[in-house]
Amino acid sequence: MPTAIAVTSGDLVLPPTDPGTPRAAVLPPPEGRPLDASVADLQQLLARYGHVVVVCPTSVPAAVENRLHAVRSLLESDRIALVRTDLPPLGAAVLVRQLCQLAAFDFSPGVLASAARLLAHYIYAGAVLGSVSRLDRVPVGLGSHLKSWLPGAHFAVLAGPTPQMVRVGGGGKAEEPLAGPEFATELLLARGQLQTDWPATTLVPRWRIPGPVQETPLPAASPGWWGTGKLVEFAAYLPDPAVLHQLVASVRRETCHWCGMDLIGDRCGFCAAPLTVPEPGGGTYAGAYTGAQGADPRTAASRAVDPRTADPRHALASTDTPADPRALRPAVPHPTRALGPGAHTPRALP
């Protein structure tokens, strides 16, 4: 029985890549919906699947997050994980589909929930914008703000894994290239009101993306996230479920000291308790995944970082280095359904 993946908006559900990929469940928004109806929605998912991983973007209204916390408290369930993501809408939708693909394998619910932070580091999410004057989710300098008022000014903005922004001049040429992936990806586009083919004509050859570019309708939340409706949103991602499986399986698993769930990384996806690792001289430290912002995920050796300076959006604890996606082979056993609940009994949250 696979773990259920749920989302807070239908825009986060992309068409599955194959018939074997389960679809994410959409939780209706709280506006005009009584609390008991929201409780019943999650009760049904728990009864059918045992565990539920809810992907909730940090950009959703506070009422959505408050409703999720209220429902989980009323159910008194430690089988519901609330996974937050800073990815823009199209990137978040790609992340949801990848979690659905992994749900068809034999990963435990805890590993699946904590894998979201690892997968987000391998999603290159951005957009071409007609203006950055209202963009507040990616660092924008004063010069770029001033240039955005010039007629015909376009900007290529990368929100993650490393924020970057370049001005796209006449003829579609950028002032400098966007830092792209060094492993095989596919590109997904969502067109808004901006008329440009820059992602297809520039990113595809520069990032060496094979195959045709896929397109999907623009998520309703994208104009608000990017600060303008004149945009073309894009996301480059690992498309092969077998590669995703090996990527997650290559990270060392730990056991949450609080709820007993399996996890990868520096924080439990279910109870949010941090992973503490004993230091040789006493005390504890929080580790960081070597694919964190500014590090090379292909060759960096695992090392501890100061948790006060680690970027929580990209840090992921592990004593093992995740495999290089370029070297992963797709030849893995056919997906097997995830183990049902009961493999271990987590302690209830206080």
For segment 159-230, size of Cβ-based charge dipole, Lys and Arg +1, Asp and Glu -1, in debye: 160 debye
Listed residues Leu263, Pro223, Leu275: farthest to the positive end of the dipole of segment 207-281 (Cβ charges): Pro223
Segment 78-87 - phi-based ³J(HN,Hα) in whole Hz, Karplus 6.51/-1.76/1.60, Gly and Pro as x: 9, 9, 10, 10, 9, 9, 8, 9, 8, 4
³J(HN,Hα), Karplus 6.51/-1.76/1.60, whole Hz, each residue of segment 99-110, x for Gly, Pro: 5, 5, 5, 6, 5, 7, 8, 9, 6, 6, x, x
Stretch gain in nm, segment Glu182-Ser73, where the contour uses 0.36 nm per residue and the Cα spacing is subtracted: 35.0 nm
Backbone N within segment 23-39 under 15 Å of label point (7 Å from Asn66 Cα along the Cβ vector): 30-35
Carbon + sulfur, % of accessible area of segment 51-142 - ligands and nucleic acids excluded, 1.4 Å: 49 percent
Heavy-atom accessible surface of segment 160-245: percent carbon and sulfur, 1.4 Å: 51 percent
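The values are calculated or read from the model by the stated rules, or taken from the named source; none is laboratory data. All values reported here derive from a predicted model rather than from experimental measurement. Glycine gets a Cβ as well: all are built from the backbone with ideal geometry, and neighbour counts include every protein chain shown. Surface areas here come from the heavy atoms of the whole protein model, side chains and all, with no ligands, DNA or RNA. Shrake-Rupley method; radii C 1.70, N 1.55, O 1.52, S 1.80 Å.
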